[in-house]
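Have a look at the structure below, then the notes.
The values are calculated or read from the model by the stated rules, or taken from the named source; none is laboratory data. Predicted, not measured: the structure shown is a model, and the values here were computed from it. Please note: Cβ atoms are built from the backbone with ideal geometry, for glycine as well, and neighbour counts cover all protein chains shown.
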Amino acid sequence: MKNFILAFIGCFAFASGVAQAQVMVGSNSIPQAFSLLELDASTVKGGLRLPQLTTTERDALTGVTGNITTAPGLTIYNTTTSLIEYWDGIRWTHHSTGMSTFTAVNGTNADCDMGTSSFVKIIGTTAGFSISGVAGGYDGRIITLYNSTANNMTILNDATSIEANRILTLTGIDLYTTAAGTITLQYDAESARWIIIASQL
């Protein structure tokens, strides 16, 4: 009889655990049927804060480095790039969105800090100008540069900026664009360079 009672209690505890597989944080409300986890801010105002890791700390995570693909969907906030990033099973990636502006100067613009937007409108010049490098590159990042000035823009091939910010035109020579031209770059961490993947000259 004692064993029967213990078995019954064990089954009840297991069933209760299954029933509580859905969790509500912030209130005693029952989560929606489709939710494993819900956060209720109706009483206490706040949000979800993801783990805060630098790029170095992120890259040291066990199970998501090199070609190991055991943690797809793992999500963090990268304090180095100021972006929410996730492991897609092959690499760390993110969805950068929005548009920003970059004020270029006449002549050469080296190691340009254009923020984290995926579309950058270039303004500010009164004569022809060049861009030799973009700061903030990390594997897979894509950025489009839109020359909204009335002057020609030159993309310098593998020159002037520090090596990790440089751009490869893949032709071995500089690339020239007219006013209203666009250049799309993608960063390749292996070669530590931006690669031109599209252009409208």
If you check I122 against the conditions, is it out of contact with any strand residue (DSSP E or B) (no Cβ under 9 Å at 6 or more places or on another chain) and over 14 Å from W194 (Cα atoms)? no
Which of the residues belonging to the range 78-87 are modelled with pLDDT under 80 and surrounded by 16 or more Cβ atoms within 10 Å (Cβ to Cβ)? T81
Restricted to the range 89-102 and to residues being more than 12 Å from L145 (Cα to Cα) and touching a Gly at 6+ places or on another chain (Cβ under 8 Å), the residue surrounded by the fewest Cβ atoms within 10 Å (Cβ to Cβ) is R91
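If you go through the range 135-158 one residue at a time, do you hit one that is on the phi > 0 side of the Ramachandran plot and modelled with pLDDT of 95 or more? Working first, answer last.
Within the range 135-158, the first condition is being on the phi > 0 side of the Ramachandran plot, and the residues that meet it are 136, 140, 158.
In the following step, the residues that additionally are modelled with pLDDT of 95 or more were identified as 158.
Taking every residue of the range 135-158 in turn, at least one turns out to be on the phi > 0 side of the Ramachandran plot and modelled with pLDDT of 95 or more.
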Looking at the range 103-115, which of the residues that are assigned to a strand (DSSP E or B) and not small (G, A, S) is surrounded by the fewest Cβ atoms within 10 Å (Cβ to Cβ)? T103
